[in-house]
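**Q** Structure in structure tokens, see below.
The values are calculated or read from the model by the stated rules, or taken from the named source; none is laboratory data. Only a predicted model underlies this, so the values are computations on that prediction, with no experimental measurement involved. Every residue, glycine as well, gets a Cβ built from its backbone with ideal geometry; the counts of neighbours run over all protein chains shown.
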2 protein chains.
Amino acid sequence: MDQKFFLGIGLAIVIVFAASSVYLNLQKNASDPQDHDMLYQVSTIDALMLGVYDGVRPVGELKQYGNFGIGTFDGLDGEMIMLDGVIYQVKDDGRVVTVTDSVTTPFATVTHFERDHTVVTTTPMNISSFTSTMEEQLPTGNMIYAVKIHGTFPFMKVRSVPAQVRPYPPLSVAVLNQSVYSYSDTTGTIVGFYTPVFFSGVNVPGYHLHYLSDDHEIGGHILDFTVPAGTAVFYDITPGFSMTLPTSGDFTGIDLSGDLREELSRVEK
Amino acid sequence: MDQKFFLGIGLAIVIVFAASSVYLNLQKNASDPQDHDMLYQVSTIDALMLGVYDGVRPVGELKQYGNFGIGTFDGLDGEMIMLDGVIYQVKDDGRVVTVTDSVTTPFATVTHFERDHTVVTTTPMNISSFTSTMEEQLPTGNMIYAVKIHGTFPFMKVRSVPAQVRPYPPLSVAVLNQSVYSYSDTTGTIVGFYTPVFFSGVNVPGYHLHYLSDDHEIGGHILDFTVPAGTAVFYDITPGFSMTLPTSGDFTGIDLSGDLREELSRVEK
């Protein structure tokens, strides 16, 4: 091997990497809006409302689209929280476990959380004063926001749902057997989304929030809480929306033409 | 330069290309569902209904997401047809022109058309018999389909809309000045989409079809037609949906909470 050989290798590597780099940068720019300001969703909330509980996507796949989100699992087996890229499952007995990537989900929404906007609360708020007050603080209601709140909450009331067996009942029936837990002075993170009213049928219009304690011992779908004054509410403005519809299973046969907004409101609260 | 120099270049190129190829393939697999079975949409149909006509995305950007689609242009300046990657504008005087990539759009839907499903018509159909008959032929109504029909149509009734000036009227008012053209025995392509009813507010539920003649002389938003017996209707099953919401301009201030389905139906037909 002489110098010319290595000169040849070096020159070729420089040329090929330069060309690859231009190509990859173009690719990156093309997909940037989707990677970083996109809510990615599996299936629709109305399909879940109508009892489409079979998982259609492995939860590991969600990690391609975000590190932050909420959802449920195959068979409606508990509440999902994805935080810092880790997926937690709140079982109906209140325990929190981490899940393997191969577990599937029938409904989930995730994004890469990047803080764009912060609102600091000025008074303590329960869930209904939070949702009405914080909606007024948003730059516009016609936008998707990921919502992240870390704090110590004097009151936190969450639910989880038991895994269902076929024939699957609708969600309004399944939640009749939900487990509800109330905690005091718990420190953790609220993880969720705000979607505009025109997402009706597709996602949960307004706020949809789950909770996970810092010690990963408790959590669930939030039914009520007290957010103390002086709490920073972080928003990620998310103009991109992406959804995968199931191409097989129960989804294809159900009647999704109804307006389930009132029923959804009862189920979620 | 001796043989060893070229051997060095050759070896380096093989190694670097092999490594790049593995990386690019992983990237490709990760984004495959979005690239090829995804409807990409700019803004929402209800925003257009309410007079949000300022373009928010250059039409050239649409080409990243598809080679086939429909929409309109900045200021509601005519009807858009994207076919085989070329973007055509049907002006309200009936002329068809191609547009440069920098022209913007306030609303457009595109995909990479790949035929998955074909239905051959057995009787001649007008628009209303087509939509009702062809809905029954779909594998499921809970899915997005891109729809492509090439043929010679005994009757084709299309409209285009004149560019609007501020203050923008709602679409129901703007279409009062639409131009309607009826053609006989025209050969061309019908380009459009079917979206499920749960896309209300976001897209046009049911069929939304535009037309472009093979000679690129005529086209527009289809109000009625005769599709002859024996015509092949091509469907692209499109389980992925992706949307970009405008983050500035009129979109952020309008009230998108209303149900505009009946008004939309009048405007579209």
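**Q** How many residues does region B:168-196 hold that are surrounded by 21 or more Cβ atoms within 10 Å (Cβ to Cβ), touching a residue at least 60 places away in the same chain (Cβ under 8 Å) and aliphatic (A, V, I, L, M)?
**A** Number satisfying all stated conditions: 2.
**Q** Inside region A:193-234, can you point out the residues that are within 16 Å of A:Glu268 (Cα to Cα) and aromatic (Phe, Trp, Tyr)?
**A** Once the filter is applied, which keeps residues that are within 16 Å of A:Glu268 (Cα to Cα) and aromatic (Phe, Trp, Tyr), region A:193-234 yields A:Phe193, A:Tyr194, A:Phe199, A:Tyr207, A:Tyr211, A:Phe225.
**Q** Further question: Residues B:Ser184, B:Ser242, B:Ser257: which one is away from chain A (no Cβ under 14 Å) and among the hydroxyl-bearing types (Ser, Thr, Tyr)?
**A** B:Ser184
**Q** What's the number of the only condition in (1) part of a loop (DSSP other than H, G, I, E, B); (2) hydrophobic (A, V, I, L, M, F, W, C); (3) within 14 Å of chain B (Cβ to nearest Cβ) that A:Phe193 fails to meet?
**A** Result: A:Phe193 passes all but (1).
**Q** A further question on this structure: Scan region A:220-239 for residues that are away from chain B (no Cβ under 14 Å), more than 14 Å from the chain's Cα centre (by Cα) and not hydrophobic (A, V, I, L, M, F, W, C) and report the count.
**A** Residues that pass the stated criteria total 5.
**Q** Also: If you go through region B:222-266, how many residues are outside any loop (DSSP other than H, G, I, E, B) and free of Cβ contacts under 8 Å to residues at least 60 places away in the same chain?
**A** Going through region B:222-266 one residue at a time, the tally reaches 4.
**Q** Here is a further query. Taking A:Glu136 as the residue in question, decide whether it is part of a helix (DSSP H, G or I) and not hydroxyl-bearing (Ser, Thr, Tyr).
**A** Considered against the rule, which asks whether it is part of a helix (DSSP H, G or I) and not hydroxyl-bearing (Ser, Thr, Tyr), A:Glu136 comes out as yes.
**Q** Could you go through region B:175-187 and let me know if any residue there is within 21 Å of the chain's Cα centre (by Cα), outside any strand (DSSP E or B), hydrophobic (A, V, I, L, M, F, W, C) and in the same structural domain as B:Gly94 (by TED's automatic domain parsing).
**A** Yes, because at least one residue in region B:175-187 is within 21 Å of the chain's Cα centre (by Cα), outside any strand (DSSP E or B), hydrophobic (A, V, I, L, M, F, W, C) and in the same structural domain as B:Gly94 (by TED's automatic domain parsing).
**Q** Any residue at all in region A:198-208 that is in a loop (DSSP other than H, G, I, E, B), hydrophobic (A, V, I, L, M, F, W, C) and under 30 Å from A:Asp255 (Cβ atoms)?
**A** There is at least one residue in region A:198-208 that is in a loop (DSSP other than H, G, I, E, B), hydrophobic (A, V, I, L, M, F, W, C) and under 30 Å from A:Asp255 (Cβ atoms).
**Q** Related question: Could you check A:Val165 against (1) in contact (Cβ under 8 Å) with a residue 24 or more places away in the chain; (2) assigned to a helix (DSSP H, G or I); (3) of a type in the set (A, V, I, L, M); (4) under 23 Å from A:Leu76 (Cβ atoms) and say which number it fails?
**A** So the condition that A:Val165 fails would be (2).
**Q** While we're on this one: When residues of region A:120-145 are filtered for being touching a residue at least 40 places away in the same chain (Cβ under 8 Å), surrounded by 14 or more Cβ atoms within 10 Å (Cβ to Cβ) and more than 14 Å from every other protein chain (Cβ to nearest Cβ), how many remain?
**A** Number of matching residues: 7.
**Q** Just give me the residues in region B:72-100 being in contact with a strand residue (DSSP E or B) (Cβ under 7 Å, 6 or more places away or on another chain), at positive phi and buried (at least 21 other Cβ atoms within 10 Å of the Cβ), in sequence order.
**A** B:Gly78
**Q** For residues that are out of contact with any strand residue (DSSP E or B) (no Cβ under 8 Å at 6 or more places or on another chain) and either crowded, with 24+ Cβ neighbours inside 10 Å or aliphatic (A, V, I, L, M) (or both), scanning just region B:34-52, find the one that is farthest from B:Asp259 (Cα to Cα).
**A** Checking each candidate, the answer is B:Val52.
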